[in-house]
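The values are calculated or read from the model by the stated rules, or taken from the named source; none is laboratory data. Because the structure is predicted, anything quoted here is derived from the model rather than measured. Please note: Cβ atoms are built from the backbone with ideal geometry, for glycine as well, and neighbour counts cover all protein chains shown. Quick note on the areas: whole protein, heavy atoms, side chains included, nothing else; ligands and nucleic acids left out. Shrake-Rupley method; radii C 1.70, N 1.55, O 1.52, S 1.80 Å.
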Amino acid sequence: GNYLDEGRVVQVRDLLTDTSLSVAGREIGSDPKKGLVLLRVDGALRADHITTGIDYPDLWAGQAAMYRRFDCRGGRLAVRLGSDGRLFRSVQLVEAYVRGRFVASALVAPYREATMEVPLVRGPHGSCTVRFRIPRTRVPARVEPSSTDTRQLGIRFLHFNAS
């Protein structure tokens, strides 16, 4: 999870970043309106977690996504999910898997948000990984006449909160 510069771990005291960047540190200030946070790092600059399969900045995923937390001791992950009634007229199913085993699911109604609780299980290298499956996707350009978006979209991953 370390950020590198020419092969060396980046060392910093404080970091001002936007809230979409995953950085391990203690929040010492923020500007929620601008989406900025000031973190006290005092050492190696490293990612708190990474995700794959989620497009930024709109947070949509297709049929699959992954969340990996570094230096994980286990616990729980609360995942806030959102759907779009213009794409889906019925509930969207999202499934979560840990180490290949089904652990949770959520149903997200159109124009609504839902929170799914997922167990975090420490893996052999000290990280916790959750894989998500979204069985049904739609292409906005095929559903909305004015859209030019040709991505396969399933659900929005609005927020991750590990505890």
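Data table
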| read-out | value |
| --- | --- |
| Total residues in segment 1-28, condition in a strand (DSSP E or B) and either charged (D, E, K, R) or open to solvent by less than 100 Å² (accessible area, probe 1.4 Å) (or both) | 13 |
| Residue that is farthest from S22 (Cα to Cα), among those in segment 150-163 that are assigned to a loop (DSSP other than H, G, I, E, B) and open to solvent by 40 Å² or more (accessible area, probe 1.4 Å) | T150 |
| Only one of R68, R86, R101 that is touching a residue at least 40 places away in the same chain (Cβ under 8 Å) and surrounded by fewer than 14 Cβ atoms within 10 Å (Cβ to Cβ) | R86 |
| Pairs with Cβ under 8 Å, 6+ apart, first in segment 136-153 and under 16 Å from A61 (Cα atoms) and in contact (Cβ under 8 Å) with a residue 60 or more places away in the chain, second surrounded by 15 or more Cβ atoms within 10 Å (Cβ to Cβ) and of a type in the set (D, E) | L153/D84 |
| Subset of segment 50-73 (residues that are of a type in the set (K, R) and within 11 Å of the chain's Cα centre (by Cα)) | R68, R69 |
